[in-house]
């Protein structure tokens, strides 16, 4: 999927406009996830919910900053994104209010 932003070295190829669209989308998505983590923390106060979401947002933002041709940073942020994206599903949700907030965010 990262090849939409740029292919890996040697001889990386950047296809326009898909590279700009993909990288911009990753930047906006990462920033929105960080904002969502902030507001989720303000509403629930539970770090077990907000830290994985914030780490996921940071990873997505890093994928946008470092396209596939930027070694090793792109690979590190991609791994962070993939692993942290799954971590909220393993964290205990606690209250039913927190479950409803998470399910509302995931279904939107």
Notebook entry, point to check: Taking neighbour Cβ counts within 10 Å as the exposure measure, how do 70, 28 sort from fewest upward?
Noted result: 28, 70
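Treat the count of other C-beta atoms within 10 Å as a stand-in for reagent exposure and order 66, 56 from fewest to most.
66, 56
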Check: Which percent of the Cα-Cα distances in the range 20-91 go past 22 Å?
Finding: 21 percent
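Computed from the coordinates by the stated procedures, all read-outs in this text should not be read as laboratory data. Everything numeric here is computed off the predicted structure, so don't read it as measured data. When we count neighbours, we look across all protein chains shown, and the Cβ atoms used for this are built from the backbone with ideal geometry, even at glycine.
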